[in-house]
Protein chains: 2
Amino acid sequence: MILNEKDIQALDRIKRLNIINSVSGIKPGNLIGTISNSGQTNLAVFSSVIHLGSNPALLGFIMRPLPDVRRHTYENILENNCYTINHIHINDVQKAHYTSVKFDKNISEFDACNFSEEYIEDFPAPFVKASPLKIGMQFVEEIPIKANGTIMMIGKIKHIIFPDGILSEEGYLDLQQLGSAGISGLNTYYAVKKLASFPYARLHELPDFNSPLE
Amino acid sequence: MILNEKDIQALDRIKRLNIINSVSGIKPGNLIGTISNSGQTNLAVFSSVIHLGSNPALLGFIMRPLPDVRRHTYENILENNCYTINHIHINDVQKAHYTSVKFDKNISEFDACNFSEEYIEDFPAPFVKASPLKIGMQFVEEIPIKANGTIMMIGKIKHIIFPDGILSEEGYLDLQQLGSAGISGLNTYYAVKKLASFPYARLHELPDFNSPLE
């Protein structure tokens, strides 16, 4: 089946939203935790967290045009400069999904969706206690995307928290063992199952692709 | 286990690369296909394709600082303005991984890694024939990310190609049924398994999170 630009334009809005939100492939399921200067916490599900670089260690995520349902996350990050990114565990996908409800600003999604807050040292943003991998982030810059008015929020990794025994000698973190969920489209959640790891790809080590998987 | 900024800085470079490339969660596995004006095709694995918006339908991906191993993709996109994004099938993860070998510019990764090219209508970039979901893209803009010198390449969706029967009435594309692969870190590939879909989250339909999964 081929959908061309005109077919896509002609689709019902919701159907277009669902298709276009699915075509990039599997997306990481994360909860972003923030707190306002007055102490009001906020938690929101995001599927747009992206690796930008390792040194410095930078992650980005996409915010929709403001004003938007996600504005509490945005306002809190600008207020206190710190936020947390927390993997969604496969057992928590329903609760995570419902953080996207338009709650009033004085309602914390931590309470409304039954997630416990966790704090470490003097880091001023709430982690999700039940999350299998939690990242403490410091805001670096926001980049406006002219093509559609979205914003890429960029931050630097300050802390990474994960269970003992999950990190291999090479630095691999097993997402299946962590139980980290993936997202497709706007509302479908996936588990991940490890298939294979390959070495850094070198020309003189090119496998014979016609033989069975090595 | 907690890794702080200093612990991360002190890690061996390869170990840091592996960890930091893993912490964002599962990443989509895609092959980006391009062709130069002289007709030389190129194919490269990317784990950074990201949904930016549905109307217009925009996707982005991250290029590392130039000059880099990925420069053929970049040069070809600037030359002919079009490129393809192709989901990696779980049976093709090894071949897809080895497109990251530093082949000479006159070697096509389609040939070297045993992928067949496919063309549609008058769209001037090669699709991956074996891919379960293929997207024809038109380049829109590149956005420099000052924080580390990477670039976000943004394009508009012109064509979406996928098997008949895979699109639901609501517009959902089942990634498990497609066999689309995910990536963690630099070299680990995952299959995805559908867990649950939830409706658009409304306040008056909030589930009871203490009862079993509905």
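For the range A:31-43, taking the residues that are without any contact (Cβ under 8 Å) to a residue 60 or more places away in the chain and under 17 Å from A:Ser116 (Cβ atoms), the one that is surrounded by the fewest Cβ atoms within 10 Å (Cβ to Cβ) is identified as A:Gly39. Looking only at the range B:92-108, how many residues end up being more than 9 Å from chain A (Cβ to nearest Cβ) and either buried (at least 18 other Cβ atoms within 10 Å of the Cβ) or at positive phi (or both)? Total meeting the criteria: 3. For the range A:168-197: of the residues being within 17 Å of B:Arg16 (Cα to Cα) and more than 7 Å from chain B (Cβ to nearest Cβ), which is surrounded by the most Cβ atoms within 10 Å (Cβ to Cβ)? Here the answer is A:Asp174.
Within the range A:86-98, the set of residues being within 16 Å of the chain's Cα centre (by Cα) and within 19 Å of B:Gly25 (Cα to Cα) comprises A:Asn86, A:His87, A:Ile88, A:His89, A:Ile90, A:Asp92, A:Val93, A:Gln94, A:Lys95, A:Ala96, A:His97. Per the conditions (1) under 30 Å from B:Arg16 (Cα atoms); (2) in contact with a Phe, Trp or Tyr (Cβ under 7 Å, 6 or more places away or on another chain), the sole criterion not satisfied by A:Leu52 is (2). Screening A:Asp7 against (1) facing another protein chain (nearest Cβ under 7 Å); (2) farther than 14 Å from A:Asn187 by Cα leaves a single unmet condition, (1). Note on the range B:122-152: among residues that are touching a His at 6+ places or on another chain (Cβ under 8 Å) and of a type outside the set (A, V, I, L, M, F, W, C), the one that is surrounded by the fewest Cβ atoms within 10 Å (Cβ to Cβ) is B:Pro132. Cβ-Cβ distances below 8 Å connect the following pairs, each with a first residue in the range B:189-205 that is assigned to a helix (DSSP H, G or I), a second residue that is buried (at least 17 other Cβ atoms within 10 Å of the Cβ), and a separation of six or more residues or different chains: B:Leu203/A:Val101; B:Leu203/A:Phe103. Each residue in the range A:109-143 was checked for being under 20 Å from A:Gly155 (Cβ atoms), within 12 Å of another protein chain (Cβ to nearest Cβ) and among the small types (Gly, Ala, Ser), and 2 pass. Among the conditions (1) under 27 Å from B:Lys15 (Cα atoms); (2) in contact (Cβ under 8 Å) with a residue 24 or more places away in the chain; (3) not small (Gly, Ala, Ser), B:Lys146 misses just one, which is (2).
I'm checking my understanding of the structure. Among residues of the range A:2-19 that are of a type in the set (Asp, Glu) and farther than 23 Å from B:Pro199 by Cβ, which one is surrounded by the fewest Cβ atoms within 10 Å (Cβ to Cβ)? Taking the candidates together, the pick is A:Asp7.
Of the helices (runs of 4 or more DSSP H) entirely within the range A:1-86, those holding at least 1 residues that are under 19 Å from A:Thr150 (Cα atoms) occupy A:13-20, A:71-80.
Where a number appears in this text, it was derived from the coordinates with a stated rule and is not lab data. These numbers were taken from a predicted model, which means no experiment stands behind them. Because the Cβ atoms are built from the backbone with ideal geometry, glycine has one as well, and the counts that use them run over all protein chains shown.
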